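The values are calculated or read from the model by the stated rules, or taken from the named source; none is laboratory data. Just so you know, these numbers come straight off a predicted model, no measurement behind them. Cβ atoms come from the backbone with ideal geometry, glycine included; neighbour counts cover every protein chain shown.
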Amino acid sequence: MGKPFEYTSRLQNTPKHIERKLKRDAARLAIRMDARGEDPAFLQVNVPEQKAKEIYAVLLDIYNSGLPEANEIFNCNLRVATDISIDKFWIIYDKEAEWADALAEGVFEVDGEMEDLLDEYDLFITDKKSWDEKNDMITIESAKLYNMAALAQKFQGLQGVSKIHTHDPDVTPDFDIAIRNESGKWKVSFTRFWSSLENTKFHKWIFEVSDKVEFISESGDEFPDWMKCRDD
């Protein structure tokens, strides 16, 4: 299976909640970079370790740059869109599946191949809901970071599995981060989206990171006053 990677902080005084956020952002961005526009379900299950560490260091540099634009971004809690799942997916399954007897009784346990896969990747069931007359849905989560689109593929074809979602189809992202490396320099853009009566609006900040962090540009629509993020 391979061991999920662990990050190390470049600055020990970075707040833990910021470290956690940046690790998750870096994992999603590393998967996205590897996918190159294709379906991440066809990539490896483990997050690309070296790439994620490099991206994490870049994001951490921006956080610690002290630039006012960087402070605004982190006050707004901008992060990578959650269309790439790294810790959760949903299985819609036949209520009569052989492995689901305990679930029918309200116990978050399964049997057979389903149990083997959960144990192999240290996954756990955190929720169960009725889906329709024939099917229920369970939420499967992990404390480790994985490419969940690829991991979910291992559950396809199991007896009783009707469908798998690797992101919440009801969630519309209102933020995103994009990153690319150009001749040894990282270009990082942070974008915030929101809806108006006319259309979808956006605001974008772009940074360049090499041996130092530089703010490049700010563009897009003007924020309504109620959306402005302030340092508490």
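With respect to residue 78, is the statement that it is touching a strand residue (DSSP E or B) at 6+ places or on another chain (Cβ under 7 Å) and on the phi < 0 side of the Ramachandran plot true? Before the answer, list the steps.
Details: touching a strand residue (DSSP E or B) at 6+ places or on another chain (Cβ under 7 Å): yes; on the phi < 0 side of the Ramachandran plot: yes.
It is true that residue 78 is touching a strand residue (DSSP E or B) at 6+ places or on another chain (Cβ under 7 Å) and on the phi < 0 side of the Ramachandran plot.
Test of understanding: among 146, 93, which residue is out of contact with any Lys or Arg (no Cβ under 9 Å at 6 or more places or on another chain), of a type in the set (Ser, Thr, Tyr) and outside the structural domain of residue 190 (by TED's automatic domain parsing)? Reasoning before the result, please.
On the way: 93 fails: out of contact with any Lys or Arg (no Cβ under 9 Å at 6 or more places or on another chain).
Of 146, 93, the one residue that is out of contact with any Lys or Arg (no Cβ under 9 Å at 6 or more places or on another chain), of a type in the set (Ser, Thr, Tyr) and outside the structural domain of residue 190 (by TED's automatic domain parsing) is 146.
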Please state which of the following conditions residue 7 fails to meet, knowing it meets all the rest: (1) modelled with pLDDT under 95; (2) surrounded by 14 or more Cβ atoms within 10 Å (Cβ to Cβ); (3) more than 27 Å from residue 205 (Cα to Cα).
(3)
Considering (1) out of contact with any strand residue (DSSP E or B) (no Cβ under 7 Å at 6 or more places or on another chain); (2) of a type in the set (S, T, N, Q); (3) at pLDDT below 95, say which one residue 44 fails and leave the rest.
(3)
Given (1) closer than 26 Å to residue 210 by Cβ; (2) in contact with a His (Cβ under 8 Å, 6 or more places away or on another chain), number of the condition residue 83 does not satisfy:
(1)
Taking only pairs six or more apart or across chains, which ones have beta-carbon atoms under 8 Å, a first residue in the stretch 129-140 that is assigned by TED's automatic domain parsing to the domain that holds residue 106, and a second residue that is surrounded by 18 or more Cβ atoms within 10 Å (Cβ to Cβ) and among the hydroxyl-bearing types (Ser, Thr, Tyr)?
135/93; 136/93; 137/93; 138/93
